[in-house]
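Student: Pasting a structure below so you can have a look.
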């Protein structure tokens, strides 16, 4: 499977790059290390993104997170579309407290749970809205091609307007903020042995790490690292009580990098070693000495 890299054009356009394409044939399965926004300008194009099919038409907009697996083909005749390519770090410039959770809903990681049924992953603009979107995209392409002074600043301003139109179109309800944080919490719980670094989580949500850290602490009242450690210990307690896994296996399965790190965190939070906790709960499991 081919992987496209932003480095292919980042030397000329380090922040964002826009392309206008015509397609008559199928584009095989591929992935890329950048965020991709696709706007269908004409025709009908079938996209498959991470195994899900989207039959798109003029006015439809798709938002692909980095490392998405993607293929597409026209559905009769020629289809034309715009691509905007940018890194998550560039998205940070456009995120603010007023649009943070709406933009979060566009992330591949969380969109299935937030998006409306049968409209998942696609933003559709009507006739009048299409004219606004297409004016923005055409203007961005023209600025990039002519490379007039400060064209990058102008295109970032256009991008900000485009994202505002997307946010206004999806119009998520107020409770979405709580839903979004619940989804982040669920993602952490489901990936305790994965990469849960601040940088990784912030990148998935298109946030600046320091901004994400502040938002997270405000919502959960503890720093991200402490929250993750507590969740790992909660999971390890469940495994100690309800499984036959060894203590070393449990530490690894809940995401601790070493036996010593697991023991230190467990004893700090519970006041006991894992072996002592297992013994005190009268569980008939093998005991690993401390």
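Just so it is clear, none of the values below were taken in a lab; they were calculated from the coordinates. In this text, all values refer to a predicted model and were calculated from it rather than measured experimentally. Cβ coordinates were reconstructed from backbone atoms using ideal geometry, including for glycine residues, and neighbour counts include every protein chain displayed.
Student: Using 0.36 nm per residue of separation minus the Cα-Cα distance, give me the extension gain between residue 135 and residue 69 in nm, one decimal. Walk me through the intermediate numbers first.
Tutor: Numbers: separation 66, 0.36 × 66 = 23.76 nm, distance 2.91 nm.
Here the segment from residue 135 to residue 69 would lengthen by 20.8 nm.
Student: Now for a separate question. Could you give the nm distance between label points at residue 185 and residue 199, where each point is 7 Å from its Cα heading toward the beta carbon?
Tutor: Calculated label separation equals 2.8 nm.
Student: Right, here's the next one. Ranked highest first by the average count of other Cβ atoms within 10 Å around their residues, in what order do 243-256, 210-223 fall? The partial results should precede the final answer.
Tutor: On the way: 243-256: 18.0, 210-223: 14.8.
Peptide ranking by packing, descending: 243-256, 210-223.
Student: Another question, then. Mean 1/r over all different Cα pairs, inverted: what Kirkwood radius does segment 180-221 give, in Å? All intermediate terms of the calculation are to be shown ahead of the outcome.
Tutor: Working: mean 1/r = 0.0956 Å⁻¹.
With all distinct Cα pairs of segment 180-221 included, I get 10.5 Å.
Student: I would also like to ask the following. How large is Rg over Rh for segment 1-94, taking Rg from the Cα atoms and Rh as the Kirkwood inverse mean of 1/r across Cα pairs?
Tutor: Expressed as Rg/Rh, it is 0.96.
Student: Which FRET efficiency value, to the nearest 0.05, do you get for residue 26 and residue 210 by plugging their Cβ-Cβ distance into 1/(1 + (r/R0)^6) with R0 = 45 Å?
Tutor: On the way: r = 42 Å, r/R0 = 0.94.
With R0 = 45 Å, the Cβ-Cβ based efficiency is 0.60.
Student: Over all directions, what mean area does the Cα convex hull of segment 200-280 project, stated in square nanometres? List each step's numbers first, then the result.
Tutor: Numbers: hull surface 23.9 nm².
Approximately 6.0 nm², given one-decimal rounding.
Student: Take peptides 44-52, 270-278 and line them up by average Cβ neighbours within 10 Å, highest first, as a rough protection proxy. Please list the in-between numbers first.
Tutor: Values: 44-52: 15.7, 270-278: 17.4.
The peptides rank, most packed first, as 270-278, 44-52.
Student: Here is a follow-up. Once you place label points 7 Å from the Cα toward the Cβ at residue 96 and residue 269, how far apart are they in nm?
Tutor: Using points 7 Å along Cα→Cβ, the separation is 3.8 nm.
Student: While we're here: Modelled label-to-label distance, residue 150 and residue 252, 7 Å Cα→beta-carbon offset: nm?
Tutor: Calculated label separation equals 5.8 nm.
Student: Please find the FRET efficiency linking residue 124 to residue 225, where r is the Cβ-Cβ separation and R0 is fixed at 35 Å, and quote it to the nearest 0.05. Intermediate results must be reported in sequence, preceding the final value.
Tutor: Numbers: r = 40 Å, r/R0 = 1.15.
Taking R0 as 35 Å, the efficiency between residue 124 and residue 225 is 0.30.
Student: Taking 0.36 nm per intervening residue step and subtracting the Cα-Cα distance, what contour gain separates residue 5 from residue 33 on full extension? Don't skip to the end; give the middle numbers.
Tutor: Values: separation 28, 0.36 × 28 = 10.08 nm, distance 0.55 nm.
Length gained between residue 5 and residue 33: 9.5 nm.
Student: So, R0 is 30 Å and r is the distance between the beta-carbons of residue 53 and residue 168; what FRET efficiency does that work out to, to 0.05? Working shown, then result.
Tutor: Numbers: r = 27 Å, r/R0 = 0.90.
The value I calculate is 0.65.
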